[in-house]
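Trainee: The structure follows.
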Amino acid sequence: MTYFGKFGGLFVPETLVEPLKEVKEAYYKAKEDYEFQEQLKFYLEKYAGRPSALYYAKSLSETYDCKIYLKREDLLHTGSHKINTTLGQAILAKTMGKSRIIAETGAGQHGVAAATACALLKLKCIVYMGSEDIERQKLNVLRMKLLGTEVRPVDSGSRTLKDAINEALRDYVANPDSYYMIGSVVGPTPYPEMVRDFQRVIGDETKKQILQLEGRLPDALVACVGGGSNAMGMFYPFKDDLKVKKYGVEAYGAASLCRGSVGVLHGAKTRVLQDGDGQIAPTQSIAAGLDYPAVGPEHAFFQEIGLAEYCSVGDSEALEGFRILSEREGIIPALESSHAVAYALELTKSMKPDDIVVINLSGRGDKDVAELAGILK
Ligand SMILES: *Cc1c(COP(=O)(O)O)cnc(C)c1O
């Protein structure tokens, strides 16, 4: 699947066309390969801790007068859903005979998950990271180094994620024999489709779990959207269940679906925050994982055909969601996930007591504690 409606595609320098075709072919083969799937299943279960719990948040449910469930991706090894795709792609790289992995990271969550999968499967890993992010996320930089990964600082542009991606792409052009491990449903084909397939385990499990617990499907799914992988992983298995409303929550200062326009960034045609000349606009969010000026092309497609609704939540509302979940349920969420929590709590105002809403808790908040120390009093 190269395109999702008019979105997606392969907008890359010519030297990458052939290597990306190889990735696509290898992935399609792996998708149908019993041994590959068994190996992935083994690591997801025994190493990463799947299936993740679907937890009935009793205290929140009573306060907000409807049934609120949390899909606990925060409980996985390395602390977020990112491990689902890095394990999948590391096994794929191995089967392709690759030994050098390139990745990039913003907050460091994908970097840590990539470094982890590479340590596990004995792959050399190089992670590009903006020097601004290196400064903001010291703990994750240290984790990557402890895992044996080389972290390369990027000093160009705004010295954040988009610049790190540019640099990783440059490395890939110079070393097309390497494997480029992308952390979200973004980038050129086949990544949006492949990362979605690796993340759909979230929605597949949720469907099974909610049917066991409630005997029916939920009324609403809520997930935060940076590049869009945890949201797509949750939504996709419910694609044909039109009665299940799907809400993707962007950060207000980086809302490419809500406020962007059609453009091309990092290999795909999608919705992009840009000025009239097509220059990428600056973004801002308290959650580094949502601070990205584009979004996965399949979300742009879902938005266009009305399969999901997209909205945005600002820093202060997200902090309120963070506070409520921490204090009421004893779960400290990632700042990214806190955007989904905040929107879901708002949504409950229009729901009935028997209605079911599932919030995808994409990650835990340990990484954000130092940053929050200066904000929360
Ligand atoms: C990276 C990250 C996100 C944003 O990425 P998506 O691809 O949109 O899921 C959200 N939550 C957490 C915890 C993350 O680490």
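The values are calculated or read from the model by the stated rules, or taken from the named source; none is laboratory data. Given the structure is predicted, the values throughout are model-derived calculations rather than measurements. Please note: Cβ atoms are built from the backbone with ideal geometry, for glycine as well, and neighbour counts cover all protein chains shown.
Trainee: For the stretch 103-137, how many residues are assigned to a strand (DSSP E or B) and buried (at least 24 other Cβ atoms within 10 Å of the Cβ)? Quick ask: steps written out before the conclusion?
Mentor: First, pick out the residues of the stretch 103-137 that are assigned to a strand (DSSP E or B): 103-105, 124-130.
This time we only want the ones that are buried (at least 24 other Cβ atoms within 10 Å of the Cβ), so: 103-105, 125, 127-130.
Selection size over the stretch 103-137: 8.
Trainee: What tally of residues in the stretch 220-258 results from selecting those that are within 18 Å of Leu361 (Cβ to Cβ) and acidic (Asp, Glu)?
Mentor: Going through the stretch 220-258 one residue at a time, the tally reaches 1.
Trainee: Taking only the stretch 261-276 into account, find how many residues are over 19 Å from the mean Cα position of the chain (by Cα) and either assigned to a strand (DSSP E or B) or under 20 Å from Leu16 (Cα atoms) (or both). Step through it out loud before you land on a result.
Mentor: Just the residues of the stretch 261-276 that are over 19 Å from the mean Cα position of the chain (by Cα), to begin with: 261-264, 274-276.
Now restrict to residues that are either assigned to a strand (DSSP E or B) or under 20 Å from Leu16 (Cα atoms) (or both): 261-264, 274.
So the count comes out to 5.
Trainee: Under the condition of being assigned to a strand (DSSP E or B) and within 11 Å of the ligand (Cβ to nearest atom), which residue from the stretch 236-260 is surrounded by the most Cβ atoms within 10 Å (Cβ to Cβ)?
Mentor: Among those that are assigned to a strand (DSSP E or B) and within 11 Å of the ligand (Cβ to nearest atom), it is Val249.
Trainee: Which ones in the stretch 39-91 are outside any strand (DSSP E or B), of a type in the set (Ser, Thr, Tyr), touching a Leu at 6+ places or on another chain (Cβ under 8 Å) and over 16 Å from Thr116 (Cβ atoms)? Show your work before the answer.
Mentor: Going residue by residue through the stretch 39-91, those that are outside any strand (DSSP E or B) are 39-53, 57-66, 73-79, 81-91.
Restricting the remaining residues to those that are of a type in the set (Ser, Thr, Tyr) gives 43, 47, 52, 59, 61, 63-64, 78, 85-86.
This time we only want the ones that are touching a Leu at 6+ places or on another chain (Cβ under 8 Å), so: 43, 47, 52, 64.
Result: Ser52, Tyr64.
Trainee: Tell me the residue from Leu16, Leu76 that is surrounded by fewer than 21 Cβ atoms within 10 Å (Cβ to Cβ), hydrophobic (A, V, I, L, M, F, W, C) and either within 30 Å of Val262 (Cβ to Cβ) or within 18 Å of the chain's Cα centre (by Cα) (or both), please. Full working, then the answer.
Mentor: Values: Leu76 fails: surrounded by fewer than 21 Cβ atoms within 10 Å (Cβ to Cβ).
Every option except Leu16 fails the conditions.
Trainee: Let me ask something else. Can you name the number of the only condition in (1) within 30 Å of Leu347 (Cα to Cα); (2) hydrophobic (A, V, I, L, M, F, W, C); (3) in a helix (DSSP H, G or I) that Val17 fails?
Mentor: (1)
Trainee: For the stretch 286-332, what are the residues that are β-branched (Val, Ile, Thr) and within 14 Å of the ligand (Cβ to nearest atom)? Break it down into steps so the answer makes sense when it comes.
Mentor: So the first thing to find is which residues in the stretch 286-332 are β-branched (Val, Ile, Thr), and the list is 286, 295, 305, 313, 324, 331-332.
Once the filter is applied, which keeps residues that are β-branched (Val, Ile, Thr) and within 14 Å of the ligand (Cβ to nearest atom), the stretch 286-332 yields Ile286, Val295, Val313, Ile331, Ile332.
Trainee: Is there a residue being buried (at least 23 other Cβ atoms within 10 Å of the Cβ), in contact (Cβ under 8 Å) with a residue 24 or more places away in the chain, in the same structural domain as Tyr64 (by TED's automatic domain parsing) and touching a Pro at 6+ places or on another chain (Cβ under 6 Å) anywhere in the stretch 304-311?
Mentor: Checking the stretch 304-311: not a single residue is buried (at least 23 other Cβ atoms within 10 Å of the Cβ), in contact (Cβ under 8 Å) with a residue 24 or more places away in the chain, in the same structural domain as Tyr64 (by TED's automatic domain parsing) and touching a Pro at 6+ places or on another chain (Cβ under 6 Å).
Trainee: Is at least one residue of the stretch 264-275 within 14 Å of the ligand (Cβ to nearest atom) and small (Gly, Ala, Ser)? Let's see the steps before the verdict.
Mentor: Narrowing the stretch 264-275 to residues within 14 Å of the ligand (Cβ to nearest atom): 266, 268, 270-271.
So of that shortlist, the ones also small (Gly, Ala, Ser) come out as 268.
Yes - at least one qualifying residue is present in the stretch 264-275.
Trainee: Further, regarding this structure: Go through Thr270, Thr206, Thr283 for me and flag whichever is of a type in the set (Val, Ile, Thr), at pLDDT below 95 and not assigned by TED's automatic domain parsing to the domain that holds Pro188.
Mentor: Values: Thr270 fails: at pLDDT below 95; Thr206 fails: at pLDDT below 95.
Residue meeting the stated conditions: Thr283.
Trainee: Sticking with this structure for a sec: Could you check the stretch 259-302 and list, in sequence order, the residues that are over 28 Å from Lys367 (Cα atoms), of a type in the set (Ser, Thr, Tyr) and in contact with a helix residue (DSSP H, G or I) (Cβ under 7 Å, 6 or more places away or on another chain)?
Mentor: Thr270, the sole residue that qualifies.
Trainee: Does Gly233 satisfy being modelled with pLDDT of 95 or more and either among the charged types (D, E, K, R) or away from the ligand (no atom under 16 Å from the Cβ) (or both)? Reasoning before the result, please.
Mentor: Details: modelled with pLDDT of 95 or more: yes; either among the charged types (D, E, K, R) or away from the ligand (no atom under 16 Å from the Cβ) (or both): no.
For Gly233, the condition - modelled with pLDDT of 95 or more and either among the charged types (D, E, K, R) or away from the ligand (no atom under 16 Å from the Cβ) (or both) - is not met.
Trainee: Looking at this structure, is Pro218 touching a helix residue (DSSP H, G or I) at 6+ places or on another chain (Cβ under 9 Å), modelled with pLDDT of 95 or more and in a loop (DSSP other than H, G, I, E, B)? Please lay out each step first, then the result.
Mentor: Numbers: touching a helix residue (DSSP H, G or I) at 6+ places or on another chain (Cβ under 9 Å): yes; modelled with pLDDT of 95 or more: yes; in a loop (DSSP other than H, G, I, E, B): yes.
For Pro218, the condition - touching a helix residue (DSSP H, G or I) at 6+ places or on another chain (Cβ under 9 Å), modelled with pLDDT of 95 or more and in a loop (DSSP other than H, G, I, E, B) - is met.
Trainee: Taking only the stretch 347-375 into account, find how many residues are of a type in the set (Val, Ile, Thr), part of a helix (DSSP H, G or I) and away from the ligand (no atom under 15 Å from the Cβ). Working first, answer last.
Mentor: Initially, the stretch 347-375 is screened for residues of a type in the set (Val, Ile, Thr), giving 348, 356-359, 369, 375.
With part of a helix (DSSP H, G or I) added as a condition, the list becomes 348, 369.
Then keep just the ones that are away from the ligand (no atom under 15 Å from the Cβ); that gives 348.
Final tally of qualifying residues: 1.
Trainee: Still on this structure, please answer the following. Quick one: is Gly289 of a type in the set (Gly, Ala, Ser), buried (at least 19 other Cβ atoms within 10 Å of the Cβ) and more than 16 Å from the chain's Cα centre (by Cα)? Steps first, please.
Mentor: Details: of a type in the set (Gly, Ala, Ser): yes; buried (at least 19 other Cβ atoms within 10 Å of the Cβ): yes; more than 16 Å from the chain's Cα centre (by Cα): no.
Judged against the criteria, Gly289 is not a match.
Trainee: Quick one: is Glu193 away from the ligand (no atom under 11 Å from the Cβ), touching a Ser or Thr at 6+ places or on another chain (Cβ under 8 Å) and either assigned to a helix (DSSP H, G or I) or farther than 26 Å from Ser99 by Cβ (or both)?
Mentor: Working: away from the ligand (no atom under 11 Å from the Cβ): yes; touching a Ser or Thr at 6+ places or on another chain (Cβ under 8 Å): no; either assigned to a helix (DSSP H, G or I) or farther than 26 Å from Ser99 by Cβ (or both): yes.
For Glu193, the condition - away from the ligand (no atom under 11 Å from the Cβ), touching a Ser or Thr at 6+ places or on another chain (Cβ under 8 Å) and either assigned to a helix (DSSP H, G or I) or farther than 26 Å from Ser99 by Cβ (or both) - is not met.
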